[in-house]
Amino acid sequence: MREPAATAPDVCSAKGCPAPATWALLWNNPALHTPERRKVWLACDEHRSSLSDFLGARSFLKDVEPHPEPAG
Ligand SMILES: [Zn+2]
């Protein structure tokens with residue numbers, strides 16, 4: 001086992017997926033969170049649609065943004 005590099009990319013939130021995240025899914029569960037609150041799931045290209053479908057089906061999904069955010 002190697003130490004993770006300090007520059008290691010964030011990893012997809014899908015269970016068991018080791019891929020670097022390229023998307024951030026911003027969501028809110030109104031039963032648990034105040035309206036301004038945003039939870040973040042990270043997703044690779046492959047899991048972006050399944051994770052956003054999961055959140056969207058529950059009306060939790062608020063935004064999908066590139067991750068990491070482009071500099072500047
Ligand atoms: Zn993934």
Checklist entry - Sorted from fewest to most neighbouring beta carbons within 10 Å, what does the list 44, 12 look like? => result 44, 12
Checklist outcome for this item: Cα-based Rg/(2.2 N^0.38 Å) for the range 10-72, rounded to two decimals, is 1.10
Checklist entry - Which length gain, in nm to one decimal place, applies between residue 37 and residue 59 when the Cα-Cα distance is subtracted from 0.36 nm times their residue separation? => result 6.5 nm
Checklist outcome for this item: Ranking 42, 54, 66 by how far each Cα lies towards the positive end of the charge dipole of the chain (+1 on Lys and Arg Cβ, -1 on Asp and Glu Cβ), the top one is 54
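Taken together, the values in this text are just the output of simple stated rules run on the coordinates, not laboratory data. Keep in mind it's a predicted model, so treat the numbers as computed, not measured. Ideal geometry is used to build each Cβ from the backbone, glycine not excepted, and the neighbour counts take in all protein chains shown.
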